Structure formats: C-alpha cells, structure tokens
Amino acid sequence: MANIVRFAVSLDRKLFNRFEEYWKARGYISRSEAIRDLIRDALVEDIQEKNKVVFGTITLIYDHHEKGIGENLTDIQHKYLHVIISSMHVHVDAHHCLEVIAVKGKYNEIKELADKLITLKGVKHGKLVITAITP
C-alpha cells in the first residue's frame, strides 16, 4: 500500500450521478478502478499528441470485388513495414473481407497509415484503435 495515493475529487451532483451509472454499468468493482482507466485513457491520448511509441490495430472491412483494392492495400502496407507487426485476413462472406493489422510505432506514422487504408475506394469501414503502456 506504500505506493497508493489517495485524493479527493469534488463533482457536481449531476456529473457524480452519471459517473455512478457509468462505472456500475460497465462492471467496475469500484469508482477507483473506473477512474484509473479514465486516467490511463487520457494519458494514452497525451502520448499520441507527443508522438511517442504506441501500439494499436487498424481494422478494415472491404469489398474484395472492388477493382484494385487488394493490390492497393498491399502496396500501402509494404511502405509501412517498419510499423506493421502482423496482419490477419478473414473472408467474411462472398464479397467482403476483414483485415486486422497490428501496429507499433510513432503515432503520426500509424495514423497516416490508417488514414491511407481507411480512405481507399472499396473500404466499407475502418477504425484505428490505439493503446500504450501507461504507469
């Protein structure tokens, strides 16, 4: 317990009530656990702004019948091999594929890669999810 710091937080009653609903609905065992996760999320966002090393996934759903989509996805990924750790390709149905790309590197490079992939013609939906190791 020597490394635990306790502090008080003052909140408006409405905000407090919303927070009570929030942490209970998500299954946290305590307010403290919920607050720790919120702080970690804020710190990950701060890391993105400072362009430090982050980890993440780029998830894409695309129509593989779209002319050139496979080649375009591959060409872009080959230009970013220094941040791509791994990728997984799943055939969803007769027309669509799911691709999940694990990445590690500076946030701005990963965001640039994600933007290039997500905006390709034929990509139906894409999302970049970033995380980092925080104290």
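The values are calculated or read from the model by the stated rules, or taken from the named source; none is laboratory data. The structure displayed is predicted, hence computed values, not measured ones. Cβ coordinates were reconstructed from backbone atoms using ideal geometry, including for glycine residues, and neighbour counts include every protein chain displayed.
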query: Any residue in segment 63-74 that is more than 22 Å from Lys116 (Cα to Cα), of a type in the set (D, E, K, R) and either at pLDDT 95 or above or under 16 Å from the mean Cα position of the chain (by Cα) (or both)?
result: no
message: What pairs come out if I take residues in segment 22-44 that are closer than 22 Å to Ile133 by Cβ and pair them with residues that are modelled with pLDDT of 90 or more and in a helix (DSSP H, G or I) whose C-beta lies under 6 Å away, six or more apart or interchain?
response: Tyr28/Ala34; Ala34/Trp23
message: Just to be sure I understand, how many residues within segment 37-82 are hydrophobic (A, V, I, L, M, F, W, C) and over 17 Å from Lys127 (Cβ atoms)?
response: 8
query: Among the listed residues Lys14, Lys111, which satisfies the condition of being out of contact with any Ser or Thr (no Cβ under 7 Å at 6 or more places or on another chain), charged (D, E, K, R), on the phi < 0 side of the Ramachandran plot and surrounded by fewer than 14 Cβ atoms within 10 Å (Cβ to Cβ)?
result: Lys14
task: Output the number of residues of segment 44-59 satisfying the condition of being at pLDDT 75 or above and over 18 Å from His82 (Cβ atoms).
output: 5
query: Do we have any residue at all in segment 56-66 that's touching a residue at least 12 places away in the same chain (Cβ under 8 Å), acidic (Asp, Glu) and either in contact with a Phe, Trp or Tyr (Cβ under 6 Å, 6 or more places away or on another chain) or in a strand (DSSP E or B) (or both)?
result: yes
- request: Please enumerate the residues belonging to segment 95-104 that are among the hydrophobic types (A, V, I, L, M, F, W, C) and touching a His at 6+ places or on another chain (Cβ under 9 Å).
  value: Cys97, Leu98, Val100
- line: Counting only residues in segment 103-135 that are closer than 17 Å to Ile61 by Cβ and in a strand (DSSP E or B), the one nearest to the chain's Cα centre (by Cα) is identified as Val129
message: Checking the conditions here, which among Val92, Val103 is touching a strand residue (DSSP E or B) at 6+ places or on another chain (Cβ under 6 Å), β-branched (Val, Ile, Thr) and over 19 Å from Thr134 (Cα atoms)?
response: Val92
task: Return only the number of the condition from (1) exposed (fewer than 14 other Cβ atoms within 10 Å of the Cβ); (2) of a type outside the set (Gly, Ala, Ser); (3) assigned to a helix (DSSP H, G or I) that Leu73 does not satisfy.
output: (1)
